[in-house]
Structure formats: structure tokens, C-alpha cells
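FYI, it's all coordinate maths here, none of it is from the lab. Predicted model, so just to flag it, every value in this text is computed and none were measured. Methodologically, a virtual Cβ is constructed for each residue, glycine included, from the backbone with ideal geometry; neighbour enumeration extends over all protein chains shown.
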Amino acid sequence: MLESQSMERPADGSPPENLLPAIFRDGRILQGIAQIIFVAIVVLVLNNLQTRINTALESTNQSPNFEFLQNRAGFDIADSGSYSSNDRYIDAFRVGFINTIRVVLFGLVATTVLGIMVGIFLLSRNFLLRTISRAYVEVLRNTPILLQIFAWFFIVIFALPQQQQSFAFPQEGIRSLPLMQYALSLFVILVIWQATGSMRRPAWRNGIRQVSVAVVVLANLLGLVLVGTGTPIEFRPGIYISIKGVAVFELIPSSLFAVWMVFVVVGAVVAIAMSRYFQFITETTGKPIPRTRYALLAFAGFTLLGWLVMGMRPTPSVIPVLDESGEVVEMPYDDAFESGLLTIEQELEYTRQPLLYRPPTLDRRGRNIETGIEISPSYLAVFLGLVIYTSAFIAEIVRAGIQAVPRGQLEASRALGLSQGDMLRLIILPQALRVIIPPLGNQFLNLSKNSSLAIAVSYTDIYQVTNTIINQSGQSVTGILMVLLAYLLISLLISLGMNLVNQRFQLVTR
Amino acid sequence: MQELNQQVMASDEPIIICREMNKWFGDFHVLRNITLEVMPQEVLVIIGPSGSGKSTLIRCINRLEEHQDGRIVVNGIELSHDVQNIAEIRRETGMVFQQFNLFPHLTVMDNITLAPMKVRHWARDKAEQRAMELLERVEIPEQACKYPGQLSGGQQQRVAIARALAMEPRIMLFDEPTSALDPEMIKEVLDVMKELALSGMTMLVVTHEMGFAREVADRVIFMDMGRIVEEGPPENFFSPDIVHHPRTQEFLDQIL
Ligand SMILES: Nc1ncnc2c1ncn2[C@@H]1O[C@H](COP(=O)(O)OP(=O)(O)O)[C@@H](O)[C@H]1O
Ligand SMILES: [Mg+2]
């Protein structure tokens, strides 16, 4: 064999005769030439395409430019905040962009949480939970998302009551609540929790805790009043749900908000510093400290303290308000507040709370929402459709990621005596996340791009708005280009974020 | 050394007791009426054909598998559903697996210090110092900062032994520690195990290395179909003059 091969070669061992000079047989040079040819072809094709489009558009007097963006839009947009048809095209475009971001941003958060939950349920030992979540995944990922968005839209339209008969939470009315008893119940639970903390047997400790919490909660839920008397409390709905969508209360930052934020930020800094310090103590002495719990307590403490300190601010002794007869009268702030005569501006200026709670209210005819945040049926349909569809894929990714951690890793952790929590946090998660993050990023991109299906239920996202702009102005090339760039921007931001996260977890390996 | 061990053993209580222990996987009866006592500092080698339940037996001792019938008492602690007892027994037993099972996302050092810091609540300094001593004992101190994927099989298994020893266990369980290794690496791992046996560690070793069994074991047990078929000192086991149980003889004929 060997001999017959070497037969073809000249006896002196020099390479066989070749038609091409050596330089054209160098792999690196061949690759370079191929790349140059490829780029040249692409440039030629694109150039040709652009010339043709330009000529075609010029002949119909529609040559692409951006000046038309300053013209009056002249059309209304649902879900548009302060935008009106008198604003410019560019404003309409911005509204569309913000609406897309609203769906994508909240959608990503919601679908991740939901997907992780379902993914863990898929691995549950509980047969019912496992089967239900498996069915959830199979149904959702095997039907088209467009259909699902329609389905949600029709559920909202057909299954929910008219606006006048909205579902309201909590139900309006005055109810009597035994506040003393609630406080006492909480105290009792805390005492039991603390007292059982030193018990050696976790099974007993958890048993006692669970039973006592269940008893106390059940007694309260059944309306058993054993201690004190009820305090009448007036409830006003914070959420309305109807065929017109959802109306939710608002929290509006008041003039005190900035000062309160200082407390919040200081609280965060203290919490981080404490956590670091306790970690240092644990590392040097080995003493275990529940540092996350202490850090959260410190943060909550500062936030609450800020709120209380803000409550001590003096209010003006007299303030001018319009009384019922429409005359300007001066009265103390608290009286004006009680009688409901303050304007929202005055309230925001002089209140003692950093955030003002404003429940949703309907106008006199019960049709439109006056205060509070309004969420349209279209938004709900798109949001639910995207979130629930994508969550099925994320659930599978999470399940696969966790299952990709070999059994041996769990066995080694158990054999070493690691607790369930440490095993999950230190062994399973870091290894599972390495597998989960790259495909998770793909699902994020899918969700953001699928949001363009909003047009199916007339949600005014960037694509829907731009479509209208194009129809009115005829600026199709510019319009499409702008939508393209907008989606590209969103996608690149998501990719960037995921790459950063990915790097953190990949670095850990080798 | 050997004589000293015998004395200690004679005066002490068994450190592992299995009484009429049974285990099933579904309908499959894997372990049948296992009764076994292991003395402190004893080296017990378990041999037997594949599927005879050797792994399952030693995995029951640290509750990686749950037995359904009979008793297991380890280091004076009864093995039951009590999670506190399970945790205590796992602290006192180290285990070395056929597939090493090192944590691939942690350095060798972190692999070794993780459990002492999290479970025994040692300071990092103490844990790292102990880890270095152990790495020197298994003769790879220079690998401390590497990741498991960067080591040879033999080195990985030695790290796994160091990791188990870092918890300062009273008992070490070995499940075919050399079966996944290339021949030239088997010796380096066996040497570490020999040294460990000489230092007085109580060891249960599932292995096919008959040389190791002959040289190091205090007692050999032969398992077949979930039963302990025969047990005795290695001299007897490997002596050609002794009349064995037919299954044992068949197995020994194949392997020797
Ligand atoms: N988790 C399990 N589920 C079902 N059967 C198992 C499981 N683990 C082991 N077995 C079975 O139990 C028997 C004993 O296994 P094992 O203890 O691993 O044997 P050995 O280590 O002696 O080769 C084998 O027949 C094996 O197939
Ligand atoms: Mg085995």
C-alpha cells in the first residue's frame, strides 16, 4: 500500500507537478479571494437594486426622504397617552415604538417568570402538576401564535362583562375588619416561628410551623373574631375588569418622592454593604449568617423609615381651594383633603406621602376612564398571546437545562452532605444556566419580533402605526426602513444583554 | 499496623451494621436479606458480577438509595426517614464514584473546600489549608487552580478522593473508583487508596482490582443476585485450595 502511494511521487520527494503556482494553492489566500468576490457581488446587486427603486419612486414623485415626518399626522391612535391627531408623523411613530416596547418589556419579564415556573412543574414529582404543565406546553407550542392572540382577544371581548358591570377588586363597600386580631395573629406566628427556630428536627419544626400558620390563617379567613372589635373600613376598587380592558390604580410620585428615593437608595447601599460584610465574616470565621435576610430587612427598614419621616412634614396651615359653590375659600390642608376639595396638583405638592394612590375612576357616563391606568383589550390580547405562547418554549428550555445537569452531580452533592438549597444554588443552577441562557435569548428575540402580530387585533404597535403612516404619506421605503431599524435596535439590545449574562456564566467553566 | 488494627477492632463496636436489609426497585428485588457488620478501620472489598447489587448496597449506606426493609445503623445513627440523621450520616461518610462526579464549574480548590465551608462551617482559610494538605497527600498540589476538565482521569479521581476526605469522614465508600480509568492511571489511584487504608480509614470498596483486594483488604465479600454469597479474609478467597460456592468459583475463574 505505502509503496504504491509513493510511486506517484518523484523519487527525490519533491511535490508532484502542478499547474498552479504555489501562491494560488495557499488556503489562506484562496479564502481571501473568495471573500473579495463575494463582497463585490453583494455590493453590485445592492447598488443595482437601489438605483432601480430610486428611479421607480422618482417617477411617481415619492423619492425617500425624512422631511414628511414633520407633517401633521391627522389620525388618532388608541393607547396613545397625550398624542392627538394634530401631532406630527414622527410623534405617531414614537407612540408606536413606545407601545411596542410596552408589550416587549413587560412581556419578557412575565414570560420568563411563567416559563421558569412551568419548566420546574414539568419536572415535578406531583403527577397532576406534571401532567397539567405538560399539556399546557404541548397545546401552546403546537398552535400558531396568531391564532392564540385572536383567541385571547375574543375571550376578552366575549367573556367579560360590559363596562358598567365591571368586575371590581376589592368589592366596593364598607366592611368591618378585626385589625387588632390580625396584628395579634401576625405576632403569634412570628413568636412560634422564632420559638421553633432552635428545634433540632426539621420535620417537627416545619410541621409545627405549618400547622400553626394554617390554624391562625384559617381562623381569620373564616371571619372568627376572638379579639377586639371590627373596625369599619371603606373599600374602593383598585382594579376594574371589563370588555373595555383593565383599569388599574395609579401610584403618582409626589413632591416628596425625590427625598424618599434618597432613603431608598441609602437603604440599598447599606443592604449591599451589610451583605458583603456578613459574607466576609462567614468566609473568615465560617459562622453561617443569613445575610440575604438581614440585607432585605435593612432595605425594608430604610424604605419604611423614609416613608414615616416624610409623614412628619408640616402641611400649610391654610390653602386656597374652590368650595362647592365655586368660590375660593382658605382652609387647613387636612380639612381640604377630608372634604375632597384639593386639586391633584395641590395634593401632589403638599401631601405627606411620597407616592399618591389614585384608584381608577370612570367618567359620569361610566364609559371612559378618568384616572388610573387603562389597559386596552388589544394590549391584553397581544400581551397574553405573546407571554403564554413564549412561556411554553421557555418551560421546555428550563426543563432541558435542569435535566442536562448529570445525576452524578446531585449524587456527589448529597454524598458530601450539601443541603437541598445549597445544591440547587451552587451546583445545579450554575450548570443549568449555562445550557438555558443561549436558547432563552432566542426566545426573547422571538417574542420581540412576534409582537408585530399586534396588527391582527389592531394594537397600535410600531408596525401598525407605520402602516397607517405609509398609507397616508406614500413613504413606503422610509417607513419600512424605520420599522426595520426599530426592531433591529430592540433585537440588538436584547442580544447584548443576553451576551453579557452569558459571558458571566460561561466564564465560570474553563 | 495490621495487628494494632485488629486490637482496635476487637475492642470496638461495629461502625456499620446492616440487619436483614432488603431493597426493591419496583418489583425487582435488588438486595436480599443483607446482614453485614463493618468494624472501625476495617477495609472491606466487595466483589461480584455486574448487576449483583454491589453499588446499590454501598449507596444505601449513605442514603443515595433508600432501603425498604431491615435496619442500617451507621456510626451509631439509625438510617431512617429522619432528615437530620441522614445529614449526620452523610457528614461522616465520604463517597468516591466511578465517574468522579467533580463539579465542572468549580476549580479543584473550590471543589474540595465547598462542602467543609457549607456543611461544617469552616472558615475559608482553614478549608483551603486543609485542601492543600489533601492535595499534597494525593500528590497533585500544583493542580489546585485548574478546572476538572483540564485534568487527566487519574488526577480527577484523586481530586474526588481529596474532596471526600476534606469533610473528615469516618467512613469512605468507593464505587469502582478505577473502572473508568486508563490502565496507566489505575495505579496512581490505587496507591492513594492503599495509603488511606494504612492510615486507618474505614473503607468499603467495590472493585474488580483483585491485586488491591489481596493486598489491602481485611475481608472480602462476594455478592450475586442481591445476596452476600460468601465472605472471608482475602487469603482464603484467593487461595486455590479453598472450596468455594459454585457461583464464586465461576466468577473467580473468569476474573483471575
Ligand atoms: N435506579 C434504578 N432503578 C431500577 N433498577 C436499578 C436502579 N439502579 C440499579 N438497578 C438495577 O439493580 C441491579 C443492581 O444494580 P447495581 O447495584 O448497580 O449493580 P452492580 O453495581 O453490582 O453492577 C441491576 O440489575 C440494575 O439494573
Ligand atoms: Mg456498580
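Seen from all sides and averaged, what is the projected area of the convex hull of the Cα atoms in the stretch A:253-294, in nm²?
3.1
Inside 10 Å of the C-beta atoms of B:118-124, what's the mean count of C-beta atoms belonging to other chains?
Mean inter-chain Cβ contacts per residue within 10 Å come to 6.
Does anyone have the angle between helix A:377-403 and the longest principal axis of chain A? Alpha-carbon axes, 0 to 90°, nearest 10?
In chain A, helix A:377-403 runs at an angle near 60 degrees to the longest axis.
In whole Hz, what ³J(HN,Hα) sequence does the stretch A:447-461 give by Karplus (6.51, -1.76, 1.60; θ = phi - 60°), x for Gly and Pro?
Each residue's phi maps through the Karplus curve to give 4, 5, 6, 5, 4, 5, 6, 3, 4, 5, 10, 6, 6, 7, 7 Hz.
Rounded to the nearest 10 degrees, what's the angle between the helix A:179-196 long axis and the longest principal axis of chain A, both from Cα atoms, 0 to 90?
Once rounded, the angle reads 60 degrees.
Along the Cα-to-C-beta direction of A:Gln70, a point sits 7 Å from the Cα; which residues of the stretch A:475-505 have their amide N less than 11 Å from that point?
none
Take peptide A:281-292, look around each residue's Cβ out to 10 angstrom, count Cβ atoms belonging to other protein chains, and average those counts.
3
Specify which residue in the list B:Leu114, B:Ala197, B:Phe238 is farthest towards the positive end of the charge dipole of chain B, using unit charges on the beta carbon of Lys, Arg (+1) and Asp, Glu (-1), about the Cα centre.
Farthest towards the positive end: B:Leu114.
Taking the mean number of other Cβ atoms within 10 Å as a proxy for protection, how do you rank B:116-124, A:344-352, A:89-97 from highest to lowest?
Descending packing order for the listed peptides: A:89-97, B:116-124, A:344-352.
Give me a single rounded figure for B:169-176: the average over its residues of other chain Cβ atoms within 10 Å of their Cβ.
Across B:169-176, the average partner-chain Cβ count within 10 Å equals 1.
Between the stretch B:99-134 and the stretch A:144-209, what is the C-alpha centre distance in whole Å?
Going from one Cα centre to the other spans 43 Å.
So what is the calculated 222 nm ellipticity per residue for chain B, using -39500 (n - 2.57) for each DSSP H run with n of 4 or more, over all residues, to the nearest 500 deg cm²/dmol?
My calculation for chain B gives -12500 deg cm²/dmol from helical runs alone.
Given H placed 1.01 Å from N in the peptide plane, which residues other than close sequence neighbours of B:Phe103 have an amide H under 5 Å from its amide H?
Sorted by chain and number, the residues that satisfy this come to none at all.
Using the alpha-carbon atoms, what tilt in degrees (0 to 90, nearest 10) does helix B:153-166 show relative to the longest principal axis of chain B?
Orientation of helix B:153-166: about 90 degrees from the principal axis.
Using alpha-carbon positions, what is the distance between the centroids of the stretch A:211-232 and the stretch B:176-229, in Å?
Taking the Cα centre of the stretch B:176-229 as reference, the centre of the stretch A:211-232 is 63 Å away.
Using alpha-carbon positions, what is the distance between the centroids of the stretch A:296-343 and the stretch A:84-113, in Å?
35
Could you calculate the contour length gain from A:Gln472 to A:Gln506, that is, 0.36 nm times the residue separation minus the distance between their Cα atoms, to one decimal place in nm?
7.3 nm
Taking the Cα-to-Cβ direction at A:Asn499 and at A:Glu324 and moving 7 Å from each Cα, how far apart do the two end points lie in nm?
The answer from the label model is 6.7 nm.
Calculate the spin-label point distance for A:Asp26 paired with A:Ala151, positioning each point 7 Å from the Cα along the beta-carbon direction, and give it in nanometres.
If labels sit at A:Ala151 and A:Asp26, their model points lie 6.1 nm apart.
Largest first and to the nearest Å, give the Cα extent of the stretch A:163-374 along each principal axis.
Over the stretch A:163-374, Cα extents along the principal axes are 70, 41, 38 Å.
How far, in nm, would the chain grow between A:Thr285 and A:Leu221 when pulled straight, counting 0.36 nm per residue and subtracting the alpha carbon separation?
18.5 nm
Counting only DSSP beta bridges with both residues in the protein assembly as shown, what percent are antiparallel, rounded to the nearest 5?
75
For B:Ile242 and B:Glu215, what does the FRET efficiency come to when R0 = 22 Å and r is the distance between their Cβ atoms, rounded to the nearest 0.05?
It comes out at approximately 0.75.
Summing Lys, Arg as +1 and Asp, Glu as -1, what charge do residues with Cβ under 9 Å from the Cβ of B:Phe97 carry, B:Phe97 excluded?
So the surrounding residues net to -3.
For the protein assembly as shown, what number results from the quotient of the Cα radius of gyration and 2.2 N^0.38 Å?
Ratio of Rg to 2.2 N^0.38 Å for the protein assembly as shown: 1.34.
Take the Cβ-Cβ distance between B:Phe25 and A:Val270 as r, set R0 to 56 Å, and report the resulting FRET efficiency rounded to the nearest 0.05.
The value I calculate is 0.55.
Run the simple label-point estimate for B:Asn85 and A:Arg313 please: 7 Å along Cα→C-beta, distance reported in nm.
6.3
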